[in-house]
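The structure appears right after this line, and notes come after that.
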Amino acid sequence: MVDLYTRAHELLNELRRNGNQAQGVDMRAYWRGQSFEGSADQPMTIRRALALQAVLQQCQVVIRPQDVIVGAPSGTVLPERPANIDDVAWERLHALNTEIGERSFWQHVDHCAPDYETLLSIGLDGLIARIDAAAYPTSDQRVFAASMRLALGAASDFVMRHAHACRTLAQEEKPVRAAELAGIVADCERVAHHPPQSFRQAVQLVWLLHVIWAIEGRGAMAFGRLDQYLLPFYLAEPEAERDARTKEVLGCMWAKLEEPGLPNSVQNIAIGGTTPSGDEAVNPLSYLILDVTRAMSTPHSNLSARVTSKSGQFLLACADVIKTGIGFPSLFNDDVLILAICEHLKIPLEDARDYCFVGCIETQIQGCVPPWSDSMISMSLALEHTLLGGASRLPETPAGDSSPDPRSFASFEDLYQPFEAHLTGQVERHIAQLKNVSSSADPARFTSPLLSALTRDCIARGRDINDGGARYPDLHGIAGMGLGTVSDSLAAIRWFIYDHAALSWDKLLTALADNFCHNETLHQRLLHQAPKYGNDTPYVDELAARVVRTFTDLVLAQRSPTGGYYVPLMAANINNIRCGAELGASPDGRLARQPVSDAASPSFGRDLNGPTAVIKSLTQVDYKPVVGGTVVNLKFSPSALAGKAGSERFRALMEAYFERGGMQMQFNVTGRQTLEAARAHPEDYRDLVVRVSGLSSFYVELSPSVQEDILACTEHE
C-alpha cells in the first residue's frame, strides 16, 4: 500500500535537519527602511504598503525538492549581507525602520484569523475589484483604500514570483519533477489573480498568504475553520482520487508549518462544530484533517475540535488521535462558547457560530475582528497581598494596596472581602496599563493594509482593521492564573481556622513566612487534610466558582479605548511557573517559588479521585463569562484509553463534561515512564510531542521546569 504521506515526511525531515531558525542575515529591516526612505512624501499607510511590496519583491523564492505547495518565509534571510551595502546605509535604514516602528502584541498586531473564505471565493483580484467599486467619501478613506489595493497587488505579484521560479526550476529537473513543477506553475498563475479551481490551488493560496504574514512579522496567525472553507474544493475533486490528493497536499502543508522563519509557530486550525445556519459542521474533511494530524505528528499544527451534542462519532475519531500522545486536538464545547460569545461579546448568532481560535485557545470570530492580544494576572498574588496586609513575600515582587492584618478577620467573609479588593486593584491597574499601551499606537500611523483587506467590512468602510474597519471591535484577553492554588488556599484557611478552629493565624503566617522549614507537620496537614479542588468536593469547588465569578465580573465591567472588550481567560501558557517563582509559600501547602496551578486545572497532583471527580469539580464553575477561553489539562496513562473500549470511555467522559457545561479540555497521553526516559536520554526522544498548556511541543526541547510541571500532573488510570 502506498504511503500517501511519504513525501510530506521527507519534507518534514529536511526541515528538521535544517533547524527551526533560518541562518544568515535578515534583510527585511533594510528593505523596509529603503522603501520608507524613498516614500517620505507619501501618507504612512501608503508607505507601509510600499514597504511590504519592497520586501515581497526582493526576498528569495524558496522551492524545496519535496514541495507539493510552495512558499517559505525564510527567503528574507540571505547567507550574508550583500557586498554593495555599506555599514552607513545599513545602519541608517535599520534606524529608519525602527523609528517608524510596528504595533506590539498588546496593540493588536497578530494572533488573527483572516477571512480566507472570501479570499477563496473571489480571489485577490476580486478583493481589488471590491475596492475599485466602493465609494469613499473622505480623503482618508480613499488613501487607505489605495494602500489596501497596493498591498493586494504586492501579494499577487509575490504569488506570481513563485510561478516564475517553478518554471525556471522545471527546466533543470528530471521529467517527473518537471511535470510536478509545471502543475505548481499553473496553480500559482491561477491564484495570483483568480479564485482557485482545485483543492491544491486553494491550499496554495492560503499558504502563501500565511507566508506573507510571517514575512510581515505577524506570529500565531490562525487558519480558522479549515474544514469549512476548503470543503467545496475537496468535494469538487474527482471522487476516486479525492482523499489521496487531499492527504498529499495537507500533509505537505502540515510539514511546512515547521518552516524556519515563522515568528510564532502556534498556528491554530479549527474543525467541526456548527455552521452559521446552525447545522452540524462535521464533514468528511474534518475526519481527513484528523488523519493528517495523526500521520504527521507535527507540534505546531495546533488542532482544535469544536464539539456539539451531536458529535459522538467525531469524538471517537478525535480520541484516536489524542491517544497517540501528541496533544491534538484540544476539545471545545460549542453549546457553551456560542452562547458566551452572543451574551458577553454581543455578536449576532450567525457570526458567533463561526467562531474559531487563535494562538493556544483564544476565542476569535473568523475574519471579523482585529488581531487578538492578551495578558495575565496572578490571582495568587492577590491572596498573598491579603495575607500580608498588602506586602509581598519576596523582595522582587510588587506590593499591593494596604489592607488589614488577617489576624483581625473574625470570619471567612472578612478574609474574602480584602482578597476581592486586592484582585480589583490588580485588574484596574493592569487595565490602566493596557489602555496606555493601546492608546500609544496612532491608528493612522500603524496600519495593516493587507490584513485589513482580508477582514470583513474593512474594504466597505475604507478603514484599517484597528481603526473601526473590522466588523466587530477588538478583544484583549486577561488571564487569571492560579485558580487551583487560590481555591485550595482559601479552603484550607476556612477549614482549619474558621470552621474547625484547628489552626491560628499566627501559626499559619509563621509557617508561611519560613516556607514550612520549622513546621513540616502543619505543611503535611495543609497538603493532605484540607479539601482540594478537582475531587468533587463542594466545599472547595464552590470557592473556585466564586473566585472565577469575582474575576470575570471585574474584567467584563471594563471596555477598551476603542469600544472593544476585555475578556476573561483561565489560561497560563506555562506562565504559572514564572508566577509561582514570584510568590512565597501558600496555605494550600505549595512551597515558595514553586509553580501555581495551571490555568483552569486543579493543582497538579491534588486531583486524586479520578477523572470523573475532576469534571464534576470543573463544572461547578460557570465558564460562560470566561469567553476568552479556558485551558484544562487532563493526563491519562496510555493504558486508560487503550483500544476501542478506551475510546468509548473517553467519549462518555467528554460527553458528560460538556453536557454539564465544561468549556474546553486537552490531554497528555504519554506515560510517566516515557517522560522520565526522555529526560534521561533526550537524544532517543527527539520526536516525542506532548501537550504544554495551550499548545504542543517537543518534550526534550522544553525547559527543565516545564518538563517537571508536566510530570507533576496527575496521571489518571
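The values are calculated or read from the model by the stated rules, or taken from the named source; none is laboratory data. The structure presented is a predicted model; accordingly, all values stated were derived computationally and were not measured. Every residue, glycine as well, gets a Cβ built from its backbone with ideal geometry; the counts of neighbours run over all protein chains shown.
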Seminar exercise, completed: For the range 261-317, the count of residues that are modelled with pLDDT under 95 and among the β-branched types (Val, Ile, Thr) equals 2
For this session: Kindly list the number of the only condition in (1) of a type outside the set (S, T, N, Q); (2) in a helix (DSSP H, G or I); (3) touching a residue at least 40 places away in the same chain (Cβ under 8 Å) that fails for residue 328.
Result: (2)
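Rundown of residues vs (1) over 21 Å from residue 449 (Cα atoms); (2) within 29 Å of the chain's Cα centre (by Cα); (3) small (Gly, Ala, Ser), yes/no style:
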{"site": "23", "(1), (2), (3)": "yes, yes, no"}
{"site": "61", "(1), (2), (3)": "yes, yes, no"}
{"site": "74", "(1), (2), (3)": "yes, yes, yes"}
{"site": "78", "(1), (2), (3)": "yes, no, no"}
{"site": "103", "(1), (2), (3)": "no, yes, no"}
Problem set entry | The one condition in (1) hydrophobic (A, V, I, L, M, F, W, C); (2) free of Cβ contacts under 8 Å to residues at least 12 places away in the same chain; (3) buried (at least 17 other Cβ atoms within 10 Å of the Cβ) that residue 410 fails to fulfil | (3)
For this session: Identify all residues within the range 444-463 that are more than 13 Å from residue 147 (Cβ to Cβ), of a type outside the set (Asp, Glu) and out of contact with any Cys (no Cβ under 6 Å at 6 or more places or on another chain); write none if there are none.
Result: 454, 455, 460, 461
Problem set entry | Top-ranked residue of the range 13-36 - restricted to ones that are closer than 23 Å to residue 265 by Cα and either small (Gly, Ala, Ser) or modelled with pLDDT of 95 or more (or both), ranked as surrounded by the fewest Cβ atoms within 10 Å (Cβ to Cβ) | 19
For this session: Determine, yes or no, whether residue 90 is of a type in the set (A, V, I, L, M, F, W, C), assigned by TED's automatic domain parsing to the domain that holds residue 194 and at pLDDT below 95.
Result: no
Exercise. Is it true that residue 425 is over 30 Å from residue 212 (Cα atoms) and either part of a strand (DSSP E or B) or not basic (Lys, Arg) (or both)?
Worked result: yes
Problem set entry | Within the range 95-128, tally of residues that are surrounded by 15 or more Cβ atoms within 10 Å (Cβ to Cβ) and farther than 27 Å from residue 206 by Cα | 3
Exercise. Which one of these does residue 250 not meet: (1) more than 25 Å from residue 27 (Cα to Cα); (2) surrounded by fewer than 24 Cβ atoms within 10 Å (Cβ to Cβ); (3) of a type in the set (A, V, I, L, M, F, W, C)?
Worked result: (2)
Exercise. For residues in the range 108-137 being in contact with a Pro (Cβ under 8 Å, 6 or more places away or on another chain) and not in a helix (DSSP H, G or I), which is farthest from residue 210 (Cα to Cα)?
Worked result: 108
Seminar exercise, completed: Of the residues in the range 248-301, those that are within 20 Å of the chain's Cα centre (by Cα) and at positive phi come to 261, 272, 273, 297
Problem set entry | Answer residue from the range 129-151, given it is touching a helix residue (DSSP H, G or I) at 6+ places or on another chain (Cβ under 6 Å) and not aliphatic (A, V, I, L, M) and is surrounded by the most Cβ atoms within 10 Å (Cβ to Cβ) among those | 144
Seminar exercise, completed: Expected output for the range 639-651 (first residue aromatic (Phe, Trp, Tyr), partner in a loop (DSSP other than H, G, I, E, B), Cβ below 9 Å, 6+ apart or cross-chain) is 650/323
Exercise. Which pairs have Cβ atoms under 8 Å, sit 6 or more apart or on different chains, and link a residue in the range 581-609 that is outside the structural domain of residue 523 (by TED's automatic domain parsing) to one that is in a loop (DSSP other than H, G, I, E, B) and buried (at least 19 other Cβ atoms within 10 Å of the Cβ)?
Worked result: none
Exercise. Taking the condition in the same structural domain as residue 183 (by TED's automatic domain parsing), of a type outside the set (Ser, Thr, Tyr) and more than 15 Å from residue 326 (Cβ to Cβ), does residue 249 pass?
Worked result: yes
For this session: Of the numbered conditions (1) modelled with pLDDT of 95 or more; (2) more than 27 Å from the chain's Cα centre (by Cα); (3) of a type in the set (D, E, K, R), residue 172 fails exactly one; give the number of that condition.
Result: (1)
